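Heads up, the thing below is written out as structure tokens.
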């Protein structure tokens, strides 16, 4: 009797399984435009079209759009360099607002604007005996600023950068959306932030923020020479790039790997492209080598 009931139960489970083929026919296709303005780089953006989830291959590049950008005056056209990339050999200026207009072949007009944020004052102090880096950040006044603190290393022989997965600090003014608890290599309780530590200036606008990051230097007298160079960097992101970065990290933090569950619901990645998808943002970057004290 027991075996009979188990067979009936398993048969019922099997009979409840039915293969369903989703219909993607009504899913709209969007233009996707991405560009980040940085005073250290020329103006570069890419345009492509999205694809349905049942399609494979690369996103189709848009090579026939008329792309124009203005920094407060007349619009300047960006030449198309190939594979959906448009490039202007000009460097964005700090404090200036840029307007973007891209006219596609079907008449769709993609538009957005972004203001390049100011460069904060940053001072790095090595607290060698305490095994800390102390960072003093002077906020740019009269702006709403969003700072992202990260760590990376450069391998000279291989010519590559490795980005640290976590930034550790007990500074409680960092945003807690990606914060966890950990113990640093010196056995001290601390907080860790996945990829970046995000610091909005709401608590110190126009003033200074001072925080410490656990850091290891070899004992005095040991050879510091190495193929590796270590850096701390601070991204000052405008409102649009800040929201894009935060939603992207939150999406990653959901931890979905491989086949997504049936009832998985992703969050919306922030974008500011009118009539399309993507991000037109801006930032400044401050970087400091901390290989030696």
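What follows draws every value from the coordinates through simple rules; no lab data is involved. Quantities reported herein were computed from a predicted structural model and do not represent experimental measurements. Glycine also receives a Cβ, built like all others from the backbone with ideal geometry; neighbour counts cover every protein chain displayed.
Key figures
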read-out: Convex hull (Cα only) mean projected area of region 31-115, reported in nm² to one decimal; value: 6.0
read-out: Paramagnetic reach from residue 267 (point 7 Å along Cα→Cβ, amide N under 18 Å) across region 32-69; value: none
read-out: Percent RCO, i.e. relative contact order, over the chain, from Cα pairs under 8 Å lying at least 6 residues apart; value: 20
read-out: Dimensionless Rg/Rh of the chain - Kirkwood Rh, Rg from C-alpha atoms; value: 1.08
read-out: Intensity falloff of region 59-175 expressed as log10 I(q)/I(0), Debye formula with alpha-carbon point scatterers, at q = 0.17, 0.21 Å⁻¹; value: -1.04, -1.17
read-out: Paramagnetic label zone (point 7 Å from Cα along Cα-to-C-beta, residue 164; backbone N under 11 Å) in region 172-186; value: 185
read-out: Two-site label geometry, residue 77 and residue 27: point separation in nm, points 7 Å out along Cα→Cβ; value: 3.6
read-out: Likely footprinting exposure, 31, 270, fewest C-beta neighbours within 10 Å first; value: 270, 31
read-out: Separation of the residue 156 and residue 177 label points, Cα + 7 Å toward Cβ, nm; value: 3.9
read-out: Max mean-square fluctuation residue, GNM over the chain, Cα-Cα springs under 10 Å, options 73, 121, 206; value: 73
read-out: Computed label-point distance, nm, for sites residue 119 and residue 203 using a 7 Å Cα→Cβ extension; value: 2.8
read-out: Gain in span if fully extended, residue 85 to residue 226, counting 0.36 nm per residue against the direct Cα distance; value: 47.0 nm
read-out: Most mobile of 108, 46, 56 in a GNM of the chain (Cα contacts under 10 Å); value: 56
read-out: Gain in span if fully extended, residue 144 to residue 19, counting 0.36 nm per residue against the direct Cα distance; value: 39.9 nm
read-out: Relative exposure of 124, 36, judged by other C-beta atoms within 10 Å (fewest first); value: 124, 36
read-out: Packing-based order for 177-187, 85-95, using average beta carbon neighbours within 10 Å, highest first; value: 85-95, 177-187
read-out: Highest-fluctuation residue, 209, 53, 102 considered, GNM on the chain with Cα pairs under 10 Å; value: 53
